[in-house]
Amino acid sequence: MSKKISLADWQQQLAGSAATEHSMANQPAKTAQADLVYSTAGGRIKAEQSESLQGERYADGALRIKRETKGRGGKTVLTITGLTGTTAELTTLCTELKKKCACGGAVKDGVIEIQADKREFVAELLQQKGYKVKQAGG
C-alpha cells in the first residue's frame, strides 16, 4: 500500500524528481502519480483497478437460476449464479437478458439479478447460449 501525501508534498517531490531526472537520464523515473491522493484539478484520485474475474463456478459447471423474494419487499427477482468472468462480460450478458425479458436487472458481486419471474424463459435463453442450467430453490 502506498503512503498518502498532500498535494503540496507531492508537488515538492515532483519538482525534486524533475531536477534529479536530468542527472539520471539512463534510469527510469519514479512516477509520483501513485502517491497522489487529491488534486484541485481533478478531485480525489482513484488508483487504476485491473479487471478481475467475478463469480464462482460450481463443480458441475451448471448455472443456478433461483427465484428470490426475501428482503426485496415482496418483489420477485431471479438470481443467476455460477458464472465467472469480468464485470464487463457479466454486464453484457445481463443487458442481453434484460432486453429479452423486457425488465430490469443488475450485476452484484458476480451474481446476475433479473427483476422478473421468467425462470423458464431465462433458462431457455441461457441454454441457447450454450450454458448448462439448473433451476434451484422454489
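Derivation of every value follows stated rules applied to the coordinates shown; laboratory data play no part. Since the structure is predicted, the reported quantities are computational estimates derived from the model, not experimental observations. Don't worry about glycine lacking a Cβ; one is built from the backbone with ideal geometry, like all the others, and counts go over all protein chains shown.
What residues qualify as long-range amide H neighbours of Ile112, i.e. H under 5 Å apart, gap of 5 or more or another chain, H built at 1.01 Å from N?
Residues meeting the amide H criterion: Ile80.
What ranking, highest mean first, results for peptides 9-16, 114-121 when packing means the other Cβ atoms within 10 Å averaged over each residue?
Details: 9-16: 13.9, 114-121: 17.0.
In descending order of packing, they fall as 114-121, 9-16.
Under 19 Å between alpha carbons, and skipping anything fewer than 8 positions from Lys134 in its own chain: which lysines qualify?
Within reach: Lys66, Lys118.
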